[in-house]
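Have a look at the structure below, then the notes.
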Amino acid sequence: MASIDLDTRTADTRTVSELFRELASETATLVKKEVELARVELGKKTEEAKLAAFQALAGLALFFSGALIMLLGVTWGLGQSIPLWLAGLIVGLVAAGVGAWMLKEVEKMPPKILRKTAKTVEKELS
């Protein structure tokens, strides 16, 4: 163990009130810096969430466009053997029926699953 030479230590000549004043000043600085750090981190998270939302919307738009083009192709192909208006009507009814069925299935899901899914998405964004 190293021994401390008491004679070479310098005495702190500050008063208790000066020490408290310094403590208050440093505490205020620490709080300001913590708030600034939180603001920067929140800004970063916000930018990440914006980017994720943009990517999700762009992906959804491309998926939707692709689905429409596929439905158009099915309509055109079916229109080779029956009138085009009837092909469009059939394809539209089938697509609407599938969409309605999918929405009904979501309604049947227990709220617990939907909340868990929402929490998972929220966790991924944070």
(request) Output the residue which, of all residues in the stretch 102-126 that are among the basic types (Lys, Arg) and surrounded by fewer than 10 Cβ atoms within 10 Å (Cβ to Cβ), is modelled with the lowest pLDDT. (result) LYS112
(message) With the structure loaded, tell me whether GLY92 is in a helix (DSSP H, G or I), more than 29 Å from the chain's Cα centre (by Cα) and free of Cβ contacts under 8 Å to residues at least 40 places away in the same chain or whether it fails that test.
(response) yes
(message) Please determine whether any residue of the stretch 6-25 is in a helix (DSSP H, G or I), under 30 Å from GLU124 (Cα atoms) and among the hydrophobic types (A, V, I, L, M, F, W, C).
(response) no
(request) Test ALA28 against the criterion of being out of contact with any helix residue (DSSP H, G or I) (no Cβ under 7 Å at 6 or more places or on another chain) and either part of a helix (DSSP H, G or I) or without any contact (Cβ under 8 Å) to a residue 40 or more places away in the chain (or both), and give yes or no. (result) yes
(request) Identify, from the list ALA61, ALA38, ALA52, ALA67, the residue that is touching a residue at least 60 places away in the same chain (Cβ under 8 Å) and either at negative phi or not in a helix (DSSP H, G or I) (or both). (result) ALA52
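One line per residue, one yes/no per condition, for (1) over 27 Å from the mean Cα position of the chain (by Cα); (2) of a type in the set (Asp, Glu); (3) surrounded by 11 or more Cβ atoms within 10 Å (Cβ to Cβ):
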site	(1), (2), (3)
GLU22	yes, yes, yes
ALA58	no, no, no
LEU68	yes, no, yes
TRP85	yes, no, no
ALA100	yes, no, no
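The values are calculated or read from the model by the stated rules, or taken from the named source; none is laboratory data. Please read these numbers as outputs of a predicted model, since none were measured by experiment. Neighbour counts run over all protein chains shown; Cβ positions are idealised from the backbone, glycine included.
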